[in-house]
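See below for the structure under consideration.
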Amino acid sequence: MKIGRIRKYFSYILILNIFLITLFFSFSAMAQVFPVDSEPVMDLNKIREELDKRRQALDKREVDLNEREMQLNALQSSIVEREKSIFSIRVQVDEKLKELEGAKDVQIDRLVELYSSTKPKQAANILVNTDISTTSSIFRKMKPATAGKILNEMGKIDPEYASKLTDLLHPKINPTLIIR
């Protein structure tokens with residue numbers, strides 16, 4: 001990338017030199033055809049000074065660009081390090097979530113055993129006051145006969161809760177007409 005920029009600058013300088021040489025010779029030829037008693041229009045020393053100023057400006061710009069490139073490279077490596085850190089944190093979070101899900105499953109299994117051995121009316125009284133998502137998790141793991149008895153008792157206590165629970169356990173299916 002640095003070499004490409006240097007070539008680019010040198011090509012600009014070369015084109016400028018060719019232009020100036022062409023200009024110089026065209027003025028020399030015109031001076032022979034149309035002699036003028038006054039001093040030459042362009043002074044070669046002034047042109048060299050101008051070219052030196054431009055070359056210095058280009059060199060300064062190249063130094064600035066190199067500094068910026070180093071800063072960008074440093075930022076890029078910093079971003080890569082942060083991405084690695086975020087990825088490792090994400091892996092740790094995923095592992096913790098799996099552990100929590102496993103612990104939740106163990107707790108749900110214990111609750112299933114507990115409510116399965118409890119009388120349906122007593123279990124219904126307790127589960128009606130429990131979070132519906134927890135209750136649905138418990139019902140999904142229960143034997144259908146036991147869950148049905150408890151749900152029957154729930155319907156007597158709080159029919160709206162029992163209806164919502166039924167919807168969670170078995171979402172409504174929209175029938176479609178199949179034409180052959």
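No value in this document is a laboratory result; all are computed from the given coordinates. Model, not experiment: these values are computed from the prediction. As a convention, Cβ positions derive from the backbone with ideal geometry for all residues, glycine included, and neighbour counts pool all protein chains shown.
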Could you pull out which residues in the range 62-82 have an amide N less than 20 Å from a spot 7 Å beyond the Cα of LYS8, following the Cα-Cβ vector?
62-74
Under the span-like rule (Cα at least 27 Å along the axis, Kyte-Doolittle mean at least -0.5), DSSP H helices of the chain:
2-33
By the C-alpha gyration tensor axes a ≥ b ≥ c (rounded if a/c is under 1.5, else prolate when a/b exceeds b/c, else oblate), the shape of the range 118-169 is rounded
Among SER163, LEU51, LEU72 - extreme Cα towards positive end, dipole of the chain, charges at beta-carbon:
SER163
Rounded, prolate or oblate: which one fits the range 89-180, using the alpha carbon gyration tensor with axes a ≥ b ≥ c (rounded when a/c is under 1.5, else prolate when a/b beats b/c, else oblate)?
oblate
Label assignment, Rg/Rh (Cα atoms, Kirkwood Rh) derived from the structure, set (i) 0.96; (ii) 1.67; (iii) 1.06:
(ii)
The size of the Cβ-based charge dipole (Lys, Arg +1; Asp, Glu -1) of the chain about the Cα centre, to the nearest 20 debye, is 1000 debye
Take every Cα pair under 8 Å in the range 118-169 that's 6+ residues apart, average their separations, divide by the length, and report that relative contact order as a whole percent.
48 percent
For VAL128, VAL93, what ranking results if the residue with the fewest other Cβ atoms within 10 Å of its Cβ goes first?
VAL93, VAL128
Give me the one-decimal nm value for the distance between modelled label points at ILE157 and ASN129, 7 Å along each residue's Cα-to-Cβ direction.
0.9 nm
Which value at 222 nm does the chain reach when only helices count, each DSSP H run of 4 or more adding -39,500 (n - 2.57), with the total divided by all residues and rounded to the nearest 500 deg cm²/dmol?
-29500 deg cm²/dmol
Give the separation of the Cα centroids, the range 105-125 to the range 41-66, in Å.
88 Å
May I ask you to derive the relative contact order of the chain, considering only C-alpha pairs under 8 Å and at least 6 residues apart, and to give it as an integer percent?
14 percent
